[in-house]
Amino acid sequence: GYKYLGICDHGGKLKIAHALNEKRLEKQIKEIEKINRKFDDFVILKGIEVDILADGSLSLKNEVLKKLDIVTASIHSGFKMTKEKMTARILKAMDNEHVKIIGHPTGRIIQKREPYALDLEKIFDKAKERKIALEINAFPDRLDLNDLNIREAIKRKVKLVINTDSHFSKHLEFMELGIAQARRGWASKNDILNSLNLKELKRWLEK
């Protein structure tokens, strides 16, 4: 029953996820555009999940990022920074004009890795200021943001997006877990970016 689906493969140099470099991403963009011409009732949104590097810069150049509908920025390395440095790192990434979503914002993996040290209040404030959505990651071992952080984000009028973090089509079923997590944090339809219809979503992304 979906009307749209965002494809945000890893981009940069993350070897474990076969991350796309600029050349491979350009090829994927053309492939998605080709597929979209075949449908009149469904749209694939062109996106990427780009790494936030240690200095807060992104692992792909703006020249290719500007061609995308969605840019999600996430931390995938350097988890043991101090609270001040990690916060500054993410805030700098959020200053990039193409970033629309911050992925798995606290970096936790349940029973494997604690959240990294982070001043979430500053992240919430920046997200509201820059109109950037924070991800509710539905993957079973992430569920990040947690329910308390979701509640706080809503209080601060920050938009959230529920993402399955799918690496296989079967993972799309994790959407149910993401919705449950959002409800635990008292989120409503109005708080969730991807409950918007396509026209509304595109308008938000273009702001």
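The values are calculated or read from the model by the stated rules, or taken from the named source; none is laboratory data. Small disclaimer: the values here were computed from a predicted structure and weren't measured. Positions of Cβ are generated from backbone atoms using ideal geometry, with glycine treated the same way; all protein chains shown enter the neighbour counts. Keep in mind that these areas ignore ligands, DNA and RNA; they rest on the heavy atoms of the full protein, side chains included. Shrake-Rupley method; radii C 1.70, N 1.55, O 1.52, S 1.80 Å.
With the structure loaded, tell me whether residue 80 is outside any loop (DSSP other than H, G, I, E, B), out of contact with any His (no Cβ under 8 Å at 6 or more places or on another chain), open to solvent by 40 Å² or more (accessible area, probe 1.4 Å) and free of Cβ contacts under 8 Å to residues at least 40 places away in the same chain or whether it fails that test.
no
Have a look at 131, 199 and point out the one that is loosely packed, with under 13 Cβ neighbours inside 10 Å, touching a residue at least 12 places away in the same chain (Cβ under 8 Å) and of a type outside the set (Ser, Thr, Tyr).
131
Only one of (1) under 24 Å from residue 133 (Cα atoms); (2) open to solvent by 40 Å² or more (accessible area, probe 1.4 Å); (3) among the hydrophobic types (A, V, I, L, M, F, W, C); (4) part of a loop (DSSP other than H, G, I, E, B) is not met by residue 39, so which one is it?
(1)
So which pairs qualify, if the first residue must be in the stretch 55-74 and over 10 Å from residue 11 (Cα atoms), the second must be open to solvent by 30 Å² or more (accessible area, probe 1.4 Å) and among the small types (Gly, Ala, Ser), the Cβ gap must be under 8 Å, and the two must be at least 6 apart or on different chains?
56/88; 69/6; 70/6
Restrict the check to the stretch 108-126 and report whether at least one residue is within 26 Å of residue 68 (Cα to Cα), of a type outside the set (Val, Ile, Thr) and open to solvent by 40 Å² or more (accessible area, probe 1.4 Å). Spell out the reasoning first.
In the first step, residues of the stretch 108-126 are kept if they are within 26 Å of residue 68 (Cα to Cα); the result is 123-126.
Next, only the ones that are of a type outside the set (Val, Ile, Thr) stay: 124-126.
Checking the rest, the ones that are also open to solvent by 40 Å² or more (accessible area, probe 1.4 Å) come to 125.
Yes, some residue in the stretch 108-126 is within 26 Å of residue 68 (Cα to Cα), of a type outside the set (Val, Ile, Thr) and open to solvent by 40 Å² or more (accessible area, probe 1.4 Å).
Which pairs do you get when a residue that is over 21 Å from residue 38 (Cβ atoms), found in the stretch 1-14, comes within reach of a residue that is part of a loop (DSSP other than H, G, I, E, B) and open to solvent by 50 Å² or more (accessible area, probe 1.4 Å), reach meaning Cβ atoms under 9 angstrom, with the pair 6+ apart or on two chains?
10/18; 11/21; 12/21; 12/53; 13/21; 14/77
Would you confirm, using the coordinates I've provided, whether residue 44 is part of a strand (DSSP E or B), modelled with pLDDT of 95 or more and surrounded by fewer than 18 Cβ atoms within 10 Å (Cβ to Cβ)? Explain how you work it out, then say what you get.
Details: part of a strand (DSSP E or B): yes; modelled with pLDDT of 95 or more: yes; surrounded by fewer than 18 Cβ atoms within 10 Å (Cβ to Cβ): yes.
Yes.
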